[in-house]
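See structure below.
The values are calculated or read from the model by the stated rules, or taken from the named source; none is laboratory data. From a predicted model like this one, the values you see are computed outputs, not experimental measurements. Because the Cβ atoms are built from the backbone with ideal geometry, glycine has one as well, and the counts that use them run over all protein chains shown. For accessibility, only protein heavy atoms count, side chains too; no ligands or nucleic acids. Shrake-Rupley method; radii C 1.70, N 1.55, O 1.52, S 1.80 Å.
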Amino acid sequence: MTTYYDHKAERLVAAGQAETAKAEAAVKFADAQTKLIAANGEQARENRKAKKNEKRENAERRAKALGSAAGWLSGHVVELALSVIVVVPAVMAWTAMAAYGKDVYGPVGWGLPLFSEAAMWAFAFATHAARKSETPRPTGWLQVGIWFFAAVAGVLNLIHGLTMPEGGVGDGVVMALVSVGGVVAHQLITAAPMRTRRSAAERRAARTNRLAARRVTRMERAAVRRAVGQLDADGSVTLLYAPGVVTLCRSRTGRRRLDSATAPGVGIDGPSTGVVDALDAELRALLAEQSGLVDSRAVEPRPDLDSTAVDSLVDLQESRQRRGSIADPSRRSIQQLRRELQAAVEDVDVDVDPTSAESIRKVLRCAAKTARQLRDEWNDGSAETPITA
């Protein structure tokens with residue numbers, strides 16, 4: 001069978017396929033162009049939006065800064081007005097000292113204001129910072145630095161005014177006042193507010209509190225000097241104090257010391273307590289048991305010191321089986337105590353001061369009330385039996 005091949009038809013088919021591919025490529029290119037245009041438009045919109053936001057934020061920042069500046073200015077009108085008094089004299093004094101330093105030292109003399117003016121202002125700013133810190137610091141020495149260098153600056157400007165061409169006393173005084181006027185104004189502006197004056201009653205109360213605190217301190221120091229030490233096994237020492245009611249007096253050498261005293265309702269050893277009464281009752285019971293006079297089980301506790309009831313003779317003489325009678329305790333009369341005091345005064349081996357109730361009480365072992373009576377009788381000679389030295 002014979003086959004015929006048509007080249008023309010083949011060319012037509014190839015041309016159709018090429019046109020189809022070209023059309024598809026044109027469609028794809030158109031889609032890409034469309035997407036690119038849309039993306040460019042979105043980017044442009046985003047850029048315009050970002051620029052608008054940036055402009056708005058810049059405007060808000062400027063408005064906020066202007067508002068803050070206006071608020072600060074409205075709250076510091078006085079400071080701004082007074083700053084002129086501080087800045088202008090400082091600039092004038094600085095330039096004058098620089099010119100004077102150049103005349104004296106040459107080119108390096110331009111630094112003379114760093115010694116006079118700058119040092120003065122450095123101390124002034126340090127003082128202000130110390131006052132305004134969260135934990136205020138002392139400014140005493142800073143104040144000394146301010147006024148020392150203020151005096152230096154004033155003297156230098158005075159000399160400059162006196163020695164400059166066509167100068168004189170007036171020029172020197174003016175330059176000195178201008179030099180220190182700025183720092184004086186600065187200290188007055190930044191100084192701490194004055195305290196409110198206290199009333200007379202508050203001043204009296206404060207003075208009384210100071211006196212009381214000073215007396216307490218002196219008595220504590222005297223107590224430390226009189227204290228004894230207890231040495232522990234590790235070598236440490238613990239101070240021991242004798243409790244009681246004391247007063248502050250001076251020895252013959254003028255040194256402060258503590259002396260025993262009495263207070264109304266308290267006594268020389270301080271207020272009595274239930275513990276002391278219980279110990280006293282136990283001690284009396286032990287002594288009575290050892291002496292065989294009473295049965296220790298029958299000893300009653302010591303009565304309350306505030307009680308005014310007196311034990312009857314029946315209670316004192318009450319007897320039980322195998323129990324002796326309790327005798328009424330013997331007491332020395334005031335005459336006996338007077339004679340004992342007279343004998344103690346005449347005895348050179350006995351150290352007794354008849355003008356001190358505490359000394360009499362310790363030597364005669366009598367009550368504090370009786371010792372005070374004997375002391376008063378010694379001082380004014382009112383005893384029934386005269387006591388002579």
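What to note about this one:
- Criterion: more than 52 Å from the chain's Cα centre (by Cα), farther than 30 Å from Ile159 by Cβ, surrounded by 10 or more Cβ atoms within 10 Å (Cβ to Cβ) and of a type in the set (A, V, I, L, M) - qualifying residue of Ala70, Ala65, Ala129, Ala38: Ala38
- Among residues of the range 35-46 that are at pLDDT 85 or above, none has a Cβ under 7 angstrom from a residue that is open to solvent by less than 90 Å² (accessible area, probe 1.4 Å) at a sequence gap of 6+ or on a separate chain.
- Among the candidates Val314, Val352, Val363, the residue that is out of contact with any strand residue (DSSP E or B) (no Cβ under 9 Å at 6 or more places or on another chain), at pLDDT 70 or above and not in a loop (DSSP other than H, G, I, E, B) is uniquely Val363.
- One residue from Ala212, Ala205, Ala227 being at pLDDT below 90, out of contact with any Pro (no Cβ under 6 Å at 6 or more places or on another chain), small (Gly, Ala, Ser) and open to solvent by less than 70 Å² (accessible area, probe 1.4 Å): Ala227
- For the range 190-202, the set of residues classified as surrounded by 10 or more Cβ atoms within 10 Å (Cβ to Cβ) and closer than 30 Å to His76 by Cα consists of Thr190, Ala191, listed by residue number.
- The range 342-379 - residue that is among the acidic types (Asp, Glu) and under 21 Å from Ala261 (Cβ atoms) and, of those, farthest from the chain's Cα centre (by Cα): Glu377
- Positions within the range 148-182 being closer than 18 Å to Ala90 by Cβ and either polar (S, T, N, Q) or touching an Asp or Glu at 6+ places or on another chain (Cβ under 8 Å) (or both), in sequence order: Ala153, Asn157, Gly161, Ser179
- Looking only at the range 88-119, and only at residues there that are under 37 Å from the mean Cα position of the chain (by Cα) and of a type in the set (A, V, I, L, M, F, W, C), the one that is surrounded by the fewest Cβ atoms within 10 Å (Cβ to Cβ): Phe115
- Test result for Glu54, open to solvent by 100 Å² or more (accessible area, probe 1.4 Å), in a helix (DSSP H, G or I) and over 23 Å from Leu188 (Cβ atoms): yes
- Among residues of the range 119-159, those that are out of contact with any helix residue (DSSP H, G or I) (no Cβ under 6 Å at 6 or more places or on another chain) and closer than 30 Å to Gly170 by Cα, counted: 9
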